[in-house]
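Working notes, beginning with the structure itself.
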Amino acid sequence: MDKPHVFEAADLKRGLQATFERQIGVEDIAAFAALSGDHNPLHVDPEYARTSNYERVIAHGAFQVALASTMAGMYLPGRNVVVGSYHSRFPAPLFVPAAVRVHGEVTNWVASANTGMLRVTVVELGRSTVTADILVSFSLVGSKTQVATIERRAPRTQRSDRPLVVVTGAGGGLGLALVSALEDSYRILALSRSQIPPSLSEFSDIGSLLCDLEAPGWEAALDAATGEEPVYGIVHCAWPGAPKGSLLDADTAGVARQVEFGSLVTIQLARWLAQRAEGEARFVAISTTAASVKPLIGLSAYSLGKATLEHTVKLLAPELARKGITINAVLPSFMHLGMNRNSTDRGVHGETAKVPAGRLCAPDDVATTIRYLLSREAGFATGQLFPLTGGQL
């Protein structure tokens, strides 16, 4: 195949599939070894391979990732694709020579954010065995992307005494409430993946940015929005939904997305803050008591992703402390907003009854905790989780 297929944003949808087959010979593996520099004898030396438990040469795992790249770049989505990441596992060795079928399926596509997930499987036809299962996050070039759309509002006054804080997930219920609560003490750049809430127009000194943290290039867009101004803090509220179901029943791509958002996106934000901060800085992540404290089997992928976020916060703390940056996580219990906004009155009353304090966690409770963690007085508190439980054990 010489020319790639072309799928535009309007063509993509969940469930779209493509397949191709090819023969893999020892000469292909030798060529890959020469290009990559990986001449491990298990891949290129039949005599050595016979002494191993595999008994035959096997293809590099990265060779199969390259097949996923072929699927993404030539078949689905094709010419306009930009790959953000690969998440791979290899359940069985791919013996060479072999005939394989490479199958791709779009498992997620968010048109408004111009991002999606492609699942690629490699099957050795001789044994009907899956040898690679690869998740490919991607976006499209050549279309109007949310990540590059910047809406800046001129500040009422230039007050250099007010540090700049970036709030992610500002389009959600809690994120919007935190922007409102913090804007009197900090200059805010509000980030949202899909839309800027109209209510932000009430605050003429709040900048806003449409930005998908799962799409390539968000760092450049954020740099453009902040200019040369040092960044004091990040309040990280963004999260890619809460898929329902247990881990055994959950979609693999959905679980991977939750875990990657909790880990890789948090790490990338921390790196960006470390580059843009001058002197002390603060990073506050929003997690939930439904993670490490009380995981929910009905939201298992969400609980796992948020627990990953919490461990990432702890592991980043020593590194960031050397740079004068603190990082902590606030863990609200059940709140009647965001993903819980459609809860019935009966459900809300039931959750309230569990709280010894006699009421649910409120945005003000979260904002008060964040205010402290952003303050100069909190310079020694880092790597910590702050559950807001109202006395629940």
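The values are calculated or read from the model by the stated rules, or taken from the named source; none is laboratory data. Here the structure is a predicted model, which means the values were calculated and not measured. Cβ placement follows ideal geometry from the backbone for every residue including glycine, while neighbour counts extend to all protein chains displayed. Surface accessibility is based on the protein's heavy atoms, side chains included, excluding ligands, DNA and RNA. Shrake-Rupley method; radii C 1.70, N 1.55, O 1.52, S 1.80 Å.
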How much length, in nm to one decimal, is gained on full extension between Ala220 and Glu55, taken as 0.36 nm per residue of separation minus their Cα-Cα distance?
-> 54.5 nm
Rounded to the nearest 500, what is the 222 nm mean residue ellipticity of the chain from helices alone, with -39500 (n - 2.57) per DSSP H run of 4+ residues and division by all residues?
-> -8500 deg cm²/dmol
So which of Lys306/Lys354; Lys323/Lys354; Lys13/Lys354; Lys13/Lys244; Lys3/Lys244 end up more than 31 Å apart, counting from Cα to Cα?
-> Lys323/Lys354; Lys13/Lys354; Lys3/Lys244
Counting Lys and Arg as +1 and Asp and Glu as -1, what is the net charge of the other residues whose Cβ lies under 15 Å from the Cβ of Gly61?
-> -3
Other-chain or far-sequence residues with amide H under 5 Å of Ala277's (modelled H) | Val231
Around Ala250: net Lys/Arg minus Asp/Glu count, Cβ-Cβ under 13 Å | 0
Considering only the other residues whose Cβ falls under 13 Å of the Cβ of Ser303, what net charge follows from Lys and Arg at +1 and Asp and Glu at -1?
-> +2
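Multiply the residue separation of Asn340 and Asp249 by 0.36 nm, subtract the distance between their alpha-carbon atoms, and state the gained length in nm to one decimal.
Answer, rounded to one decimal: 30.5 nm.
Per residue, how many Å² of accessible area does the chain show with a 1.4 Å probe?
So the chain comes to 47 Å² accessible per residue, rounded to a whole number.
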Highest-fluctuation residue, Phe261, Phe32, Phe138 considered, GNM on the chain with Cα pairs under 10 Å | Phe32
Between Ser185 and Ser88, what is the label-to-label distance in nm when each label sits 7 Å out along the Cα-to-Cβ direction?
-> 4.7
Provide the gained length on full extension for the span Tyr372 to Phe20, in nm with one decimal, where the gain is 0.36 nm per separating residue minus the Cα-Cα distance.
-> 121.1 nm
Region 331-393, accessible surface, carbon-and-sulfur percent (1.4 angstrom probe) = 55
Computed for the chain: size of charge dipole around the Cα centre, +1 on C-beta of each Lys and Arg, -1 on C-beta of each Asp and Glu, debye to nearest 20, value 700
Arrange the residues Ser185, Ser192 by how much accessible surface each exposes, largest first, with a 1.4 angstrom probe.
-> Ser185, Ser192
Separation of the Ile297 and Leu42 label points, Cα + 7 Å toward Cβ, nm | 3.7
Could you check which residue among Tyr75, Tyr48, Tyr232 shows the biggest mean-square fluctuation in a GNM of the chain with a 10 Å Cα cutoff?
-> Tyr48
Mind jotting down the distance between the C-alpha centroids of region 251-283 and region 1-73, whole Å?
-> 30
Mind pulling the angle between the C-alpha long axis of helix 61-70 and the longest principal axis of the chain? Nearest 10 degrees, somewhere in 0 to 90.
-> 80
Could you list the square roots of 5 times each eigenvalue of the Cα gyration tensor of region 232-339, that is, the equivalent ellipsoid semi-axes, sorted largest first and rounded to whole Å?
-> 27, 14, 11
Relative to the longest principal Cα axis of the chain, at what angle does helix 26-36 sit, 0 to 90 degrees, rounded to 10?
-> 40
For the chain, with equal point scatterers placed on the C-alpha atoms only and solvent neglected, what are the log10 I(q)/I(0) values from the Debye formula at q = 0.09, 0.11, 0.12, 0.13 1/Å, to two decimals?
-> -0.63, -0.88, -1.00, -1.11
Given Cα pairs under 8 Å that are at least 6 residues apart, what percent is the relative contact order of the chain?
-> 12
For region 1-76, give the percent of accessible area contributed by carbon and sulfur heavy atoms, probe 1.4 Å, rounded to a whole number.
-> 51
If you take all C-alpha pairs in region 294-362, what percent of them are over 13 Å apart?
-> 73
Taking region 176-299 on its own, what percent of its Cα-Cα pair distances exceed 18 Å?
-> 59
